[in-house]
Structure formats: C-alpha cells, structure tokens
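Contents: one structure, followed by commentary.
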Amino acid sequence: MAKLPLQFRLNGSDRATFVDPASNLLDTLRRGLGDFGPKYGCGQGTCGVCTVLVDGEPQLACLTLAVSCEGRQIETASGMADGPNLHPLQDAFMEHFAAQCGFCTPGMLTAARALLAKNPQPSREEVVEAISGNICRCTGYEPIIAAILAAANAPGARRA
Amino acid sequence: MTTMEMRKDLFADERDDNLNVVGKGVQRQDMPGHVTARTRFFDDHAFDGMLHLKVVRSPHHHARIRAIDTSAAERAPGVKRVLRGADVPVNKNTLLSLINFGKDDEPSLAVNKVAYKGEPVVAILADSEAQAQAARKLVRIDYDPLPAVFDVEETLKAGAPVVNETYPGNYFEYHERFDHQKLRFGDVERGFAGADIVMEHRYQMSPIEHAPTETNGSIAAPEQNGRYVVHSCAQGLFFALGTTAKIVDVESNQLHFIGGTVGGGFGGKVDSLTEPLAVLGAMLTGRPVRFVLDREEEMLYGSPRGAERIYIKDGLMRDGRIVARHIRSYFDAGAYTRLSSYAAIKCTAHVPGPYWIPNVASDIYVSYTNRCPSTAMRGFGVTAVDFALEVQMDRLAEAANMDPMEFRILNAYRDGDMKPHRRAAKNTALVECVQVAAEKANWPLSEQAKRASSLLGGGAGERSQIPATQLDARGQIGRPDSRNGPVTQVLPAGTTRIAPSKQPVMEGARDGRAAPTQVPRYEPQRPAAPPPPAYQPAPPPYQPPGSYSPAPVHQPASPLPASPPPAAPAQTQHGAVRFSSVFGTRRR
Amino acid sequence: MARHEGRGMASVNYPIGMNLGGDPSQALIHSNPDGKFTVALSAIDLGQGMKQVSRQIAAETLGVPIEDVYVDTADSDTGPHDMGSFASRGTHRMGNAIIVAAREARGVLLEAAAEELEVNAADLVTDGRGNIHVRGAPSRSITVKATAQAAQFKQGKTIAGRGIFLIPLSAVDAETGEMNPNTAFAHACLVADVSVDDETGEVEVLRMTSAYELGRVINPRMVEQQLVGGAWMGISHALYETPEPYYPSPDHGPRDFNEYLMPGPGDIAPYHVTVLERPAPDGPFGGKGPGEMCANPVLPAIANAVYNAVGVRVDELPITPEKILRGIKANGGAKPGPRRGGPVNWR
C-alpha cells in the first residue's frame, strides 16, 4: 500500500513521516516517531491509556487516523514538562502517589491536562467525569482524583 | 476520600522505630519516570525490521484436530513464517516443572486436539500486525468437535470427557496417590456429632480477569553470539527465562531477559504466555519478533483467576465456639495445570482461616474443565476461601445469636495455637485488627472482647496439642469408588511426620560474611515465661454481650516452642530442588 | 420501594511468601568510586513498589542516604536469580537477600573507612547522611564518598556484597496435610457500609473502615497505595467482575472493557485504614507484605453487609442486582437485619 506523507507538530517540534492510510495515530507516534508516552491498552477506545491532545482536545490515539492529524498540534505526556520543570499535574501526581505501575499515568495526565486547560477550578465531579474514560487497575482512582484537584489549586496550573 | 493512620502504640515493644529510612513515606524510585512518561515498559522498545506474531486460536471448547492447512497463509502478503506444533522443540510443558512439580501437560501450539476455546494452534509472523491478522483467516483447520465439560464436579464423574490426557481422571494427582490434597486434624465427625448446631453451605467464587492495563506480551530479537534479547512483562524474570529455554531448547545463557517494569500483573503475567513463541520466531526468522495480546485476547484467553466452588460444614456450640470444620473445595484449573496445583496446597495450609478449631479437615481438588487455563491472581488460593469462610462466619454468628465481631474474637487464633497443618501460630494479630476496626467503625464491643489479646489465651491446653487424628484413603487415583471409604487408621495425638521447618538459609549467615551482624530478627519481648499452663479442656464459656460477667481468667501465653536446630547445610546443588518426594510426581 | 443500609464485616489473615518455600532470591550490591550504590536484582515491579522497597531496605542496611542507592532491576545478564513477584514474596524474600548483601558491602565500607581513619572498623558508625565516624566522636569522620574513592584507587577493595535468602522447601504429608507452610501472616478486619436498593437490586458501597496488621511498614505511603487500590479491587470483585456471568456456563462472557465491568472513578467509596505493625520474626526489619491480601476482606464484608441490609445471602460472586432481586423475591421482600453501631469514628 502506498504510504502518505504526514507532518504535524509533536510537543512543539515539527515532525514528518510516512504512514499507511489506515495507520492510527498511536502506532505512528510510538513506532514511527519513537514517542512511547501514549500506550496501547485496548485499541478500541475503551481504556484511555493512549490519550493525547490534538489541538488541545483530548483524543484517543488508537481511534484517530494518523492522516487526519496533518498540520495539527499533537501533545503527549512526554512533552508535558517544561525542560526540567514538571507540570503542576506531574508534581501533584508525585505528591499524591497517584501512580503504581505507571501504565495509565501518561493518559491520565493528558486527560487531566485537557480538563484544567478548560476548567482551571474543577469540582470533584468534573474531575471524575474528565478521567472516566481512563482505566486504572492499581490505585482505586482516589489518589489520582486528589492529585488533579490539588494541581488545580497550584500556581501555574493553568499552563496548558 | 481515603485516610490512613498508624497505630504505633500496638505491639510497640516488639519494634525498634528508630530507623533511618525504613518506615518513612519517601518517594518511589520509579515515580519520576511514570509522571514524565519516561518509564519504559516491554513494548516501549524500537527494533528495525520487527515482525509481528499472531496466533490462530481454536473456535471449539474441545475438538480433535484432523488436519491443518497453512499453505494459503504462508503465501499471504507480508507473511514471513508460519509455526505449527511440530516447529516447537519441546512442545509440552507445565510451568512448575521448573521446581519439579507436576507433569508436562500443555503444548505451546496444539497438535492433536484442542482442549479449550482460544487454545493456540498456529502462529503467524508477518511484517505488520494487520498482515498477520489477515493471514490468520487463511489458515484452514479441520476440527472434529468433542463433548466438553465445564463443571468442576461433573468433570470428576465417571464417563466425563477426558479434558487433559496427562491427567485422565480430570484431576491433578497429589502424591501419586490421591485425586485431591487432604488435611486431617482431629475427628471432624465426632465434632459434628457433639455440636449443638451443624451447618453446611456452598459458595462459588467467580473467575476473574486480571485486566492489567498493559496486555501480556514480549519482544524477542537476535543479539550477537547466538543470543536473544527478550523484553518481557513477566512477573518472574527467571521463571519466564527458564520456561522459554526449556520450550525452545536452548541453554539459559543464550537468553537475555529484560523486564522488571510491568504495567500491572496481579498474577496474570506469571504464565510466560508469549515469550517462548516470540523467541522461537526470532530464532527461525533471524528478525525481531513482537507478540502482544490484544485486549480481546487478554480478556478471553489471558488466563483468569480460576473459579472455586467451596463447601463448608461447621459444628457450632451455642456458646459460640466452633468445634469442627470440614471444607471441600474445587479449583477450576481449566484445561491445563499451570499454577492451580500449587494454589490447592496454599489453600490447604490456610484452612480453617484465622481461627482455632479443634477438629478440622479439608479436601481440595484441582479439576480440569474445557475452559482457558486459569492461573495465579492476587490472593491466589486464599481470596475465594476467605469469601466463603467469612460469609459462613457471619451465618454462624447469627446462629449462635452473637455479634459477628465478638464471634470472631472468641474464635480467633492466638499465639501458640496449633494450626491444622501441625505448626504453632506465632506473630498473630487478628484480635487486635478486629478491635481496632470496631473502634474506628463505632461498632460496640463488650469489655471482654476489648480486653482480648493475641498474646493471651493461645496455646493453652488442647489449643497447643496435635489431637489424635482419623486418616482415610478416600479418593485414590483412578478409583472414584474409593471416595466414601472408611477410616483406615487413627494417628495418635502428637504425631508429626514432616521434619520441622528449617531456618531460612542465608549465604552470608552461613559463611560468616554477614557476621557479626545478622539479619534483623524481631522477637517479641515477652514477660518471663510462665510454667506451662495446666490442662484446660476448653476456653472459658463465652459470655454474650449484654450478659456481661466478670473478666475471664486468661491463660498466660505459653512459652514459645524451643528454637529449631541450626540450619542444616544448605542446598548447594545448582538449580531446583527436587520436589518429587513432596508431590510424588517424577520428572526427568 | 426503598434503599436499605447495612453493615457487614470480615476478618482475615494472609500467608506471606511462597507457601512451601524453595523460592530463593538473590541480590548483588556494589558501590561506584563515589560511594553511590547500585542494587542489582531480577525482581519485578508491577506497580507494587518493589524498586522502592528494595531501595529503602538497602539504604537502611548500608547506612547511606536513600539518594545514594539505585535499584537496577530486572536484567538477567546483571541481576542474579529471583523467583519473581508473586505470592506476597517480594518484600519478604528479596528484602532479606538485600539485607545480607548490604551488610557485606557495609562491612567492606567500614573496613576501608577504618583504614583511612586508622581506627578499628568495629568502632565506626554511619550517620545515614553520607558520613562514617568513630562512635561517640563525630569529628573523627570520613565521607562515604572519600571512603569509596580510597577503596577503589588506594586500597584496592571492592565495596560490594552478595546475598541470598531461601526458605528451604518443605514437604506435604499426603494423608494429614502436615507441612511447614509460611513463616509470617498478615492480618486484617474490614467493615463495609452499603446501601441496597430493593427495587433495582443495586448495591452502593457507602464507606469502608479497616484495620490491617502488616508487620513492619517499610513505606507507609506505598502501603496506603496497596490498601486503597486493593480495596477498590475488592469492591470490583464483589459487585462487578466476572468473565463468565453464568459460570459454569462459558457463554455470554465479556470481550473488552465495555463489557467487563469495574467500578470507575465515580463509583469509589470513602475508606479509612488503620495500620498495625507486629514485626515478623524473619521479615526484613519485620516487614510482611500487604499487596495480595488487601482485596480479600472486602468481598465477604460486602456480602455480609448486603445480608444485613436486605436479608439476602448471595453465595455466588459477583453480587449482581439480579441475584439480590431474586433473593428479595424469594424472601417475600427485603428483611433488614439489626443496626450495628453508630456513625464511623473518622471523617
């Protein structure tokens, strides 16, 4: 199958690659561009571990056709920190011990980041809603919810 | 909202709390990697020219394989190799063969028959996952369906379809003698006969899918010098390495396993589901091979926690004492053994739960059925029986007209109590857990229950004794008619047959390298040991709350049993200890 | 039609370590020339915190700051043999192996320091902040870093240690089940408060209160992680999960996360845990291991709370609305049991 050229910005850098027309964004990021932040958990849009931001909107990379991202801004958990400075959400996840195996963490952080960008002072219910598509099998969710609520009140949380 | 508090006041005299970093809530070493997405899991490794492996699975629960035709799949776009059972060097294994427990019973790729829906028959290696998936549909397998059995008790009856030819009775064979593992302590029948109330109930634990967010998988790639690197999600790195080396028939130093960072396991990543075929594929193609289960495969064929059916029969006195308990339980192993044989032993040691009961027996079966083989999961061998035991305890408390907390404290095991597997309990703390949970939940306890202690009343009189025990030869292998056999022998009180536990073997302690500082050993600080208590036939009668009577006379804790002799010279043989004498299953 | 509140409890114990023994763990520890230690293992961290537990035990035993210890696991070329992370054996078995290895490395470290300070090694202590000094004379000191440099470049000493921990294999008697199973037990008691809707059969877990005795707590934050996450899994096992809803019939099984039910972030209950520590005689610093047991008491506590709420015993898991409704119908209506206690003593 002929491959198609594809260009987008990934975590602030211009990237270009060739993809199969049927490739999803998850495989393209992971196998094509070496960003292993988004994970494969189901390939069906049911677990949230592949959550990325496309033009600021949370999307499931496993259900997103790569070619639909031409010219877009893609952001993943790998690009969340500003150099050595962690995003307030990353600090809060550490502070609240909100990861155990860590496999759902990049997707959780990305879903939370999208929430706080739109709604800097979310209620607990809004946090729950924002991560309701992200499955965590380890933590029981409580530390994740607490971390997101804490980050919302931290200075600099509105940074997207 | 969750909160946790530490009760440092309890057992304080048994601890030195002046430690530098142990006991401190310092940050996890892996947390910075997790929050920056820099943590690397097995699948987060790039290889040029990587092939993708997918298996063709049985659509039948049980069927003979008449013919396999892979010619069309071999010609399909992107397909580099198709594997069948004949390509697997050692196509029969059982996981615990690494410790010589059980007979090899499970193929990597089925050859003559399939024993469960989803059993792998053919493996396809292709340039892309999509190509491997497309080629799967081109494999033609001619099946002759066989009758299937799904119930753990039905499968043990005469005439049931044979699920697993290695164990033709559809049960795991214990000690080359019995179709189940026995536990016998005292005389449960006499206990039931003398009880005020006898109660029996049936409990059923569901199977459970581990559902780790990271599915099972591995990547194997040729390294230099004839070695293969394997990025693995295994919960036991050397377990997976040893299993793979055996199945692909290479020396263990030809395999270089890398792992240790796993996206959830809960027991579901002990089975080496993907590593052997990934390595075999890499050996046969010279290319890196990635074998990852998709979510549906993980859900359906990623080996669940096995279901268990449990029957509990108890003899209860009106004052709340349990005087006899018999447990009969069936582990659903699915079609192959994997780790179920071990769980039954663990379950046997757990009976009768954290309580002291004078007469206890159990019969734990591992049954083969035509479903996906089950495996370990968090609480393996214990979770299901705890569910059954604790619901039964709730029923018993109600029958004795007692508060459930008080009932637990009355029957709780304490330091020095003899457990049915014939070793004294030590370091117990059930009573204190019940007391603290009651306090925090604002669940009132009687003064008597509040004063109870794990340190008091245990090991007194018959509580420390091994009673005369009735033996039987029920359930002899291949003789279903023996299941209701008579008592064959009465073991005199105090009889033990297994050498006492050895001390832990620590190399440093043995050769002096670790001396003079030994591994910290925290022995409870006890008051000067009182003389052995006079024989006391039973604990003081229980006073239900409401009719409170003066504090009972607690028997002082009996002295701890004498320390075991110094460690015997440690096992120096390289590799696994032979278990054959333990489980009666010869290998090699 | 009404919602009925009920309260149930369960108490359990849990065996630590592979039941029959015969499950060795090895550890290797060495220092680089700057006094920074690497612990090489083949242990597995599947989220339970094996890396950090190993790190804390190594740092405590070595007597050096936690930042100066890094745990490298798992690579079969560099990490020595270990059975793996299962059967609640990680902390107990590997922790002990690490202690043995770290004690040997510490012994060499103190010998090297003694040579530099021209004192007897037996008189030296570590302050846990990177210094070694003469007992009672903090001014006569040398840093761990300077000691390691001297050992490597001047004295020709390897600051390293190796350790193995093995509970030897025990036999099982065929007729009596006599055996030497485990060396330590952890304990728990849990109270569940639920609300059951007698019209829909739905169960809501309102709150849970528990007490766990876990031996020495190596890291309380990580214990909390295990107990909170495990309690969630217990609710999930009790009320939601099954791959075979009509077991033993294999039909109607779920295939994905849409069909396999688990509680989401909106379905969790407030939870209070109290932790007790009765050190295990042979555990590392008395540690046991909370990882496996923390779902176990939840299942029966919820089942017993449902019975207390509506009088229905569900003896087959999971406790689905269907089973509860069938039970209520069979009983001729909800039959609430006695109220047990008052409002919980925690916020």
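The values are calculated or read from the model by the stated rules, or taken from the named source; none is laboratory data. A quick note: this is a predicted structure, and the numbers were derived from the prediction, not measured. Using ideal geometry, Cβ is built from the backbone for each residue, glycine included, and neighbour counts are taken over all protein chains shown.
Quick notes on this one:
Residues are listed down the side, and each one gets a yes or a no for (1) over 24 Å from B:Lys24 (Cβ atoms); (2) in contact (Cβ under 8 Å) with a residue 24 or more places away in the chain; (3) facing chain B (nearest Cβ under 10 Å); (4) not in a strand (DSSP E or B):
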| site | (1), (2), (3), (4) |
| --- | --- |
| C:Met1 | yes, yes, no, yes |
| C:Leu28 | yes, yes, no, no |
| C:Ser54 | no, yes, yes, yes |
| C:Ala58 | no, yes, yes, yes |
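- Selected residue (only one of C:Gly286, C:Gly333, C:Gly341 is in contact with an Asp or Glu (Cβ under 8 Å, 6 or more places away or on another chain), within 10 Å of chain B (Cβ to nearest Cβ) and at positive phi): C:Gly286
- Lone unmet requirement of (1) surrounded by 24 or more Cβ atoms within 10 Å (Cβ to Cβ); (2) more than 14 Å from chain A (Cβ to nearest Cβ) for C:Gly47: (2)
- Odd one out for B:Asn170, checked against (1) modelled with pLDDT of 95 or more; (2) more than 14 Å from every other protein chain (Cβ to nearest Cβ); (3) in contact with a helix residue (DSSP H, G or I) (Cβ under 7 Å, 6 or more places away or on another chain): (2)
- Only one of the numbered conditions (1) of a type outside the set (A, V, I, L, M, F, W, C); (2) closer than 30 Å to B:Glu153 by Cβ; (3) not in a loop (DSSP other than H, G, I, E, B) is violated by B:His231, and that is (2).
- Screening C:Ala238, C:Ala231 for residues that are of a type in the set (Gly, Ala, Ser), assigned to a helix (DSSP H, G or I), facing another protein chain (nearest Cβ under 7 Å) and closer than 25 Å to C:Asn308 by Cβ leaves exactly one candidate, C:Ala231.
- Checking each residue in segment B:100-120 for being among the β-branched types (Val, Ile, Thr) and buried (at least 24 other Cβ atoms within 10 Å of the Cβ) picks out only B:Val114.
Each row is one residue, and each column tells you yes or no for (1) surrounded by 24 or more Cβ atoms within 10 Å (Cβ to Cβ); (2) modelled with pLDDT under 95; (3) out of contact with any helix residue (DSSP H, G or I) (no Cβ under 7 Å at 6 or more places or on another chain).
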| residue | (1), (2), (3) |
| --- | --- |
| B:Leu183 | yes, no, no |
| B:Glu189 | no, no, yes |
| B:Ala195 | no, no, yes |
| B:Pro207 | yes, no, yes |
| B:Glu214 | yes, no, yes |
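- Residues that are surrounded by fewer than 24 Cβ atoms within 10 Å (Cβ to Cβ) and either aromatic (Phe, Trp, Tyr) or touching a helix residue (DSSP H, G or I) at 6+ places or on another chain (Cβ under 8 Å) (or both), drawn from segment B:288-317: B:Pro288, B:Leu293, B:Tyr301, B:Tyr311, B:Lys313
- Complete set of residues in segment B:187-218 that are aliphatic (A, V, I, L, M), at negative phi and part of a loop (DSSP other than H, G, I, E, B): B:Ala195
- Residues (free of Cβ contacts under 8 Å to residues at least 40 places away in the same chain and either over 32 Å from the mean Cα position of the chain (by Cα) or on the phi > 0 side of the Ramachandran plot (or both)) located in segment C:148-205: C:Ala150, C:Lys154, C:Gly156, C:Glu175, C:Gly177
- Just one of (1) of a type outside the set (Gly, Ala, Ser); (2) under 27 Å from C:Pro284 (Cα atoms); (3) assigned by TED's automatic domain parsing to the domain that holds C:Ala305 fails for C:Val203. It is (2).
- Checked against (1) more than 11 Å from the chain's Cα centre (by Cα); (2) of a type in the set (D, E, K, R); (3) outside the structural domain of A:Gln44 (by TED's automatic domain parsing), A:Asp55 passes all but condition (3).
Residue-by-condition table, conditions (1) surrounded by fewer than 21 Cβ atoms within 10 Å (Cβ to Cβ); (2) assigned to a loop (DSSP other than H, G, I, E, B); (3) of a type in the set (Phe, Trp, Tyr); (4) in contact with a strand residue (DSSP E or B) (Cβ under 6 Å, 6 or more places away or on another chain):
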residue: B:Ala130; (1), (2), (3), (4): yes, no, no, no
residue: B:Ala134; (1), (2), (3), (4): yes, no, no, no
residue: B:Leu138; (1), (2), (3), (4): yes, yes, no, no
residue: B:Asp144; (1), (2), (3), (4): yes, no, no, yes
residue: B:Val149; (1), (2), (3), (4): no, yes, no, no
residue: B:Thr155; (1), (2), (3), (4): no, no, no, yes
residue: B:Ala158; (1), (2), (3), (4): yes, yes, no, no
residue: B:Val163; (1), (2), (3), (4): no, yes, no, yes
residue: B:Thr166; (1), (2), (3), (4): yes, yes, no, no
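- Residue, farthest from C:Phe37 (Cα to Cα), within segment C:116-137, restricted to residues that are in a loop (DSSP other than H, G, I, E, B) and within 11 Å of chain B (Cβ to nearest Cβ): C:Asp127
- Some residue of segment B:433-442 being of a type in the set (D, E, K, R), under 28 Å from C:Glu277 (Cβ atoms) and out of contact with any helix residue (DSSP H, G or I) (no Cβ under 6 Å at 6 or more places or on another chain): yes
- Exclusive hit being over 25 Å from C:Glu60 (Cβ atoms), surrounded by 24 or more Cβ atoms within 10 Å (Cβ to Cβ) and touching a helix residue (DSSP H, G or I) at 6+ places or on another chain (Cβ under 7 Å), set C:Ala171, C:Ala188: C:Ala188
- Among (1) within 11 Å of chain A (Cβ to nearest Cβ); (2) closer than 25 Å to B:Gly306 by Cα; (3) buried (at least 24 other Cβ atoms within 10 Å of the Cβ) - the single one C:Phe257 does not satisfy: (3)
- Test for B:Ala67: is it over 25 Å from B:Asp249 (Cα atoms) and of a type in the set (A, V, I, L, M): yes
- Scan of segment B:294-338 for residues that are among the polar types (S, T, N, Q) and closer than 11 Å to B:Cys372 by Cβ, ordered by number: B:Ser303
- The one condition in (1) within 11 Å of another protein chain (Cβ to nearest Cβ); (2) touching a residue at least 40 places away in the same chain (Cβ under 8 Å); (3) not charged (D, E, K, R) that B:Gln235 fails to fulfil: (2)
- Residue match in segment B:54-73 (condition: touching a helix residue (DSSP H, G or I) at 6+ places or on another chain (Cβ under 6 Å), in a loop (DSSP other than H, G, I, E, B) and either surrounded by fewer than 19 Cβ atoms within 10 Å (Cβ to Cβ) or away from chain A (no Cβ under 12 Å) (or both)): no
- Of the candidates B:Ala412, B:Ala429, the single residue that is touching a helix residue (DSSP H, G or I) at 6+ places or on another chain (Cβ under 9 Å), at pLDDT 95 or above and either on the phi > 0 side of the Ramachandran plot or surrounded by 20 or more Cβ atoms within 10 Å (Cβ to Cβ) (or both) is B:Ala412.
- The selection criterion, being of a type in the set (D, E, K, R), out of contact with any Asp or Glu (no Cβ under 9 Å at 6 or more places or on another chain), more than 7 Å from every other protein chain (Cβ to nearest Cβ) and closer than 24 Å to B:Gly334 by Cβ, holds for B:Glu176.
- Residue tally, condition under 17 Å from the mean Cα position of the chain (by Cα) and farther than 18 Å from B:Thr274 by Cβ, over segment B:89-108: 6
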